[in-house]
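Only the coordinates and a few stated rules stand behind these numbers; no lab work does. Please read these numbers as outputs of a predicted model, since none were measured by experiment. Every residue, glycine among them, receives a Cβ derived from its backbone with ideal geometry; neighbour counts consider all protein chains shown.
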Amino acid sequence: MYSKKILTRIMLCLLAVVSMFTVVGCKKDPTPISESYIFDKQLNSIRYYFEQGYPDDWTLKAGNDGNYIKKIEQYADGSKNQYITDCGLVAQLSPTANADKVKYSVYSLKYPFMRATGGDFLLGLVGKSADYPLEFNNLFIEDEENNPRAAFVWSQEIEDTQESIKSTTVYYNKITFQKVPYTFTVDGVDWKGMMFVTVSKEGFYVITFEAAADAWDANYSTMEKMLKDFRMRGWETRE
């Protein structure tokens, strides 16, 4: 009986050693990205775990060393909270010939919102959540003086119901977004906007299309094509 126990222990030890070497032997480098891209130009944001394609005749604006252009450091009510210690405007792209009238912006909210769903966060952005007071027009702006967009109006009313939240759902590049349009003015000129929200491994992304009303139709399809060339990343490397 004793010899059987010894033999069993030896076999278990050998099995453990073999398993260890198998795991080590099978360890590979990060999986290379081999999928196709719409645009040749790609912003590869290692810090914020996403890639964004854009046309050759568009210009990229980004923060120093890949950091935020503008950081969001507090809730819309002025209070600080652990959930927004790592959030802000990461990248902004515009057609080189029309930069003052068209803006495609990417915001990263990298901190993990442990309990928030995409619907919870959407309600916070449209001002319908006391738990996540991240009112879009008070925080998701590029103005260093924190001036909200003038005459801002959501073009679609969002309620705290599953049906209302579901009505905003769209899909781009196999990613689920919540989509809500809005309007505002800049120096008395009418502008249109579209907000897209999606859940990431690290938190959330908010992507916006914004353009002067007379430039919206000519640029919307390009911005939508750019959204189709947006992807979230982990540790993969491009081939």
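Each of L60, L125 was scored by other Cβ atoms within 10 Å of its Cβ. Listed from fewest to most, they are L60, L125. Look at F136, F196, F152 and count the other Cβ atoms within 10 Å of each Cβ; fewest to most, that gives F152, F196, F136. For the stretch 40-238, the antiparallel share of DSSP beta bridges with both residues in that region comes to about 100%. Among the GluC sites (Glu not before Pro) in the stretch 138-187, those placed in a DSSP loop whose Cβ has at most 15 other Cβ atoms within 10 Å are E142, E144, E145, E157, E159. Using C-alpha pairs below 8 Å separated by at least 6 residues, the relative contact order for the stretch 40-238 is 21 percent. Note on S94, S167: ascending count of other Cβ atoms within 10 Å places them as S167, S94, the fewest first. Pairs from the table (K71/K174; K71/K201; K41/K110; K80/K192; K61/K201) lying more than 26 angstrom apart at Cα are K71/K174; K80/K192. By the compact-protein rule of thumb, 2.2 N^0.38 Å, the alpha-carbon radius of gyration of the stretch 40-238 corresponds to a ratio of 0.96.
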